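Structure, as structure tokens:
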Amino acid sequence: MKKILVTGGTGYIGSHTCVELLMRGYDVVVVDNLVNSKKKTIDKIRQIVEMNAKLSPKSQKIGSLEFIECNLCNEKALEHVFRTHKFEAVIHFAGLKSVTESASQPVLYYKNNIGGTLNLIEQMLASDVRKIIFSSSAAVYGHPHKLPVLENFPLSSSTPYGTTKLYLERILTDIASANPKFSVVLLRYANPIGIHESGLIKEDPHGIPSNLAPCIAQVAVGLRPELIIYGNDYKTADGTAVRDYIHVVDLALGHIAALEKIKDAGVHIFNLGTGRGTSVLELLRAFEKSCGKSISYKIAARRELEVGECYVSCDKAKRMLDWVATKSIDEAVESIMKHINQKTR
């Protein structure tokens, strides 16, 4: 049985990916420091897999799941993980991810995201683990010169968070160049949205969420008084910022495709998104449609360095990974509202 190390596996995207790995028979070891997630997510992953297994053919092999609380910046703890397990590959989600927080605490982001990843790479090389799938971001394109964004576009960054992704892409590229057997898959995400159909795993950070969709949902059910929309003077159809929103399950399946389809050494880069842009107001209207009422909002000034419009081309992923996003914005919104309504009843 192939064993996969998933860093940040109790997080939003990581937990959904763990479900898909386990259902395909992979043994999974999750390493997470729980700085922005919860240990109970592991039990929820197991619960989903057990429920799914009952509906699957009896011949299907389900993988095992182990959780280790560990900060990647702790070299000795990470060394112990690799000393006690033999991994086929690493899927690397772990890292701080708030764009706004990164602007006010850049040292924290550079130290955590880059330092932790360097420790991870050192242990991979020492243990002869030669494949890593890296959770990158469309943020590495900065302010794109045209849309949709292709993988060969110039790279830049307008935030410390995006810069950590950009630097780590370069570091991993250099590692692959120096180690001819090393395989690096860089997955540049659009904006994840939605939750698993079970409602058991979701975007569940400590404190106020930093992403747009859960903020809108909280306003819709009265957990927050109103949504703050930062800027309505962008050069977009309704003046609000435009992003590519991808259902998190589609995104998780993109990682499975990268794991199984990419066999060669070297650096392989793919955008994962829908190829379509949705504005803040369009997303808000989708939530209003789902909950059947108006959602209160107010306009504030643009946030510094914010990109006005970004959506990605996924033709390369379709061609080489046989992967496409299949779930719509409305499906993603419905999944969120179904869960949050159950929670508040």
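The values are calculated or read from the model by the stated rules, or taken from the named source; none is laboratory data. Keep in mind that what you see is a predicted model, and the values were worked out from it rather than measured. All Cβ positions, even for glycine, are placed from backbone atoms using ideal geometry, and neighbour counts span all protein chains on display.
Tabulated results
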read-out	value
Identity of the residue in segment 287-298, surrounded by 15 or more Cβ atoms within 10 Å (Cβ to Cβ) and in contact with a strand residue (DSSP E or B) (Cβ under 8 Å, 6 or more places away or on another chain), that ends up farthest from A103 (Cα to Cα)	I295
Pairs with Cβ under 9 Å, 6+ apart, first in segment 90-105 and surrounded by 17 or more Cβ atoms within 10 Å (Cβ to Cβ), second charged (D, E, K, R)	V90/K131; F93/D32; A94/D32; G95/K165; V99/R303; V99/E306
Condition check for Q60: over 26 Å from I262 (Cα atoms) and either surrounded by fewer than 15 Cβ atoms within 10 Å (Cβ to Cβ) or polar (S, T, N, Q) (or both)	no
Yes/no for K338 being surrounded by fewer than 16 Cβ atoms within 10 Å (Cβ to Cβ) and modelled with pLDDT under 95	yes
Enumeration of residues in segment 220-245 that are among the aliphatic types (A, V, I, L, M) and not in a loop (DSSP other than H, G, I, E, B)	A220, L227, I228, I229, V242
Residue within segment 55-66 that is of a type in the set (A, V, I, L, M, F, W, C) and farther than 21 Å from I201 by Cα present	no
Residue identified as under 20 Å from the mean Cα position of the chain (by Cα) and either surrounded by fewer than 16 Cβ atoms within 10 Å (Cβ to Cβ) or within 29 Å of H268 (Cβ to Cβ) (or both) among L321, L283	L321
Looking only at segment 106-149, and only at residues there that are assigned to a loop (DSSP other than H, G, I, E, B) and among the hydrophobic types (A, V, I, L, M, F, W, C), the one that is surrounded by the fewest Cβ atoms within 10 Å (Cβ to Cβ)	L147
Pair list, Cβ < 8 Å and 6+ apart or interchain, from segment 210-235 residues that are surrounded by 13 or more Cβ atoms within 10 Å (Cβ to Cβ) to residues that are part of a loop (DSSP other than H, G, I, E, B) and polar (S, T, N, Q)	S210/S98; V219/S296; L227/S296; I229/T240; G231/T240; N232/T240; Y234/T240
Some residue of segment 198-211 being more than 29 Å from M51 (Cα to Cα), touching a strand residue (DSSP E or B) at 6+ places or on another chain (Cβ under 6 Å) and either at pLDDT 95 or above or not β-branched (V, I, T) (or both)	no
Total residues in segment 70-87, condition more than 15 Å from L118 (Cβ to Cβ) and in contact (Cβ under 8 Å) with a residue 60 or more places away in the chain	4
Neighbours by Cβ (under 8 Å, 6+ apart or cross-chain): first from segment 188-209, under 13 Å from V249 (Cβ atoms); second among the acidic types (D, E) and at pLDDT 95 or above	G194/E331
Residue count, segment 255-280 (criterion: of a type in the set (A, V, I, L, M), more than 18 Å from the chain's Cα centre (by Cα) and crowded, with 20+ Cβ neighbours inside 10 Å)	1
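Yes/no per residue for (1) more than 28 Å from G275 (Cβ to Cβ); (2) over 19 Å from the mean Cα position of the chain (by Cα); (3) of a type in the set (A, V, I, L, M):
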{"position": "G194", "(1), (2), (3)": "no, no, no"}
{"position": "P209", "(1), (2), (3)": "no, no, no"}
{"position": "A220", "(1), (2), (3)": "no, yes, yes"}
{"position": "D233", "(1), (2), (3)": "no, yes, no"}
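Table: residues versus (1) over 30 Å from P180 (Cα atoms); (2) hydrophobic (A, V, I, L, M, F, W, C).
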residue	(1), (2)
A237	yes, yes
A241	yes, yes
D244	yes, no
I256	no, yes
L259	no, yes
K263	no, no
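Each row is one residue, and each column tells you yes or no for (1) touching a helix residue (DSSP H, G or I) at 6+ places or on another chain (Cβ under 7 Å); (2) in a helix (DSSP H, G or I); (3) surrounded by fewer than 17 Cβ atoms within 10 Å (Cβ to Cβ).
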residue: V35; (1), (2), (3): no, no, yes
residue: T41; (1), (2), (3): yes, yes, no
residue: A53; (1), (2), (3): no, yes, yes
residue: E66; (1), (2), (3): no, no, yes
residue: L72; (1), (2), (3): yes, no, no
